[in-house]
Ligand code: NAD
């Protein structure tokens, strides 16, 4: 067990189960001595998240639906009562009506678009504002994004548009919070089989395509995203803010299909 995160307290939002990216980041931080709190969305997930949290020595496990301002106020008030200040926050939350995560982006109706934007983009701004108000200098805020923000990916549709807005919000918040010594960054993860990924059309094909065509010729794990998360949340990345860091086996640098890859 290392000591990189000794004395730091952080809130992890977005664990649904032990395959969640948030869980990979939580484990990496806990292994370096961080003290963690967790939020979960809805009672159904509590029975999964609470034992996971407890396995890392965490007893602060709170409900929080990020579409609900009052719920977020309550969560951060409770964190402040328990801890006073926090040092970092992980936002690994995204959602879109999966009915529209196939077919044409063009056909997205307004209400589905706004809901995806609300949960997948605005919620990071909403929790960051509350977290920054109780954050120590040298604090770090982290969210998760995907290459579909930068390029067109089949079926990613309005999530790509929401992630593009999320990445822009990382840059604007980095500028807002730099004066307080608080950093804001994102990890752009390669495809990983999680609950959220299940909603995306042809996800198995996307996984296979990335595996065959990424420079490392494999997909990434939540442990690898966890390692990069640890870096961005710790003092190792003290000079880094407003960054979108790719953890995708290098897939984002590739311009064409790997000529050695078999057809799929
Ligand atoms: P996941 O299903 O394990 O996590 C998604 C989390 O979002 C869940 O814990 C869910 O409860 C939470 N959530 C959804 N709506 C919410 C709401 N209204 N209030 C509170 N929480 C809510 O899946 P994951 O893949 O670990 O997703 C984490 C993040 O990583 C997401 O932002 C996702 O877009 C991003 N991401 C995932 C991949 C991938 O391939 N899995 C790749 C790049 C980025």
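The values are calculated or read from the model by the stated rules, or taken from the named source; none is laboratory data. Note that this is a predicted model, so its numbers are computed, not measured. Here Cβ is always computed from backbone atoms with ideal geometry, including for glycine, and neighbour counts include all displayed protein chains.
Output the number of the condition that residue 200 fails; it satisfies all remaining conditions of (1) closer than 30 Å to residue 4 by Cα; (2) under 19 Å from the mean Cα position of the chain (by Cα). Residue 200 satisfies every listed condition except (1). If you filter the range 130-149 down to residues that are in contact with a strand residue (DSSP E or B) (Cβ under 8 Å, 6 or more places away or on another chain) and in a loop (DSSP other than H, G, I, E, B), you find that the one that is farthest from residue 81 (Cα to Cα) is 146. Being surrounded by fewer than 16 Cβ atoms within 10 Å (Cβ to Cβ) and over 30 Å from residue 203 (Cβ atoms) is a condition met by at least one residue of the range 85-98. Considering the conditions (1) closer than 20 Å to residue 243 by Cα; (2) touching a helix residue (DSSP H, G or I) at 6+ places or on another chain (Cβ under 9 Å); (3) free of Cβ contacts under 8 Å to residues at least 40 places away in the same chain, residue 179 is excluded by exactly one of them, (2). Just to verify a result, which residue in the range 1-25, among those that are assigned to a helix (DSSP H, G or I) and in contact with a helix residue (DSSP H, G or I) (Cβ under 8 Å, 6 or more places away or on another chain), is nearest to residue 56 (Cα to Cα)? Step by step, filter the range 1-25, then rank; the result is 23. Looking only at the range 51-65, filter to residues that are assigned to a loop (DSSP other than H, G, I, E, B), away from the ligand (no atom under 14 Å from the Cβ) and modelled with pLDDT of 95 or more; which one of those is surrounded by the most Cβ atoms within 10 Å (Cβ to Cβ)? Result: 58.
Conditions (1) at pLDDT 95 or above; (2) outside any helix (DSSP H, G or I), marked per residue:
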residue: 33; (1), (2): yes, yes
residue: 49; (1), (2): yes, no
residue: 67; (1), (2): yes, yes
residue: 71; (1), (2): yes, no
residue: 95; (1), (2): yes, yes
residue: 103; (1), (2): no, yes
residue: 106; (1), (2): yes, no
residue: 115; (1), (2): yes, no
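I'd like the residue in the range 204-223 that is without any contact (Cβ under 8 Å) to a residue 40 or more places away in the chain and assigned to a helix (DSSP H, G or I) and, out of all such residues, is farthest from residue 193 (Cα to Cα). Checking each candidate, the answer is 211.
Out of the residues in the range 73-84 that are surrounded by 13 or more Cβ atoms within 10 Å (Cβ to Cβ) and without any contact (Cβ under 8 Å) to a residue 24 or more places away in the chain, which is nearest to the ligand (Cβ to nearest atom)? Looking at the filtered set, the residue picked out is 74.
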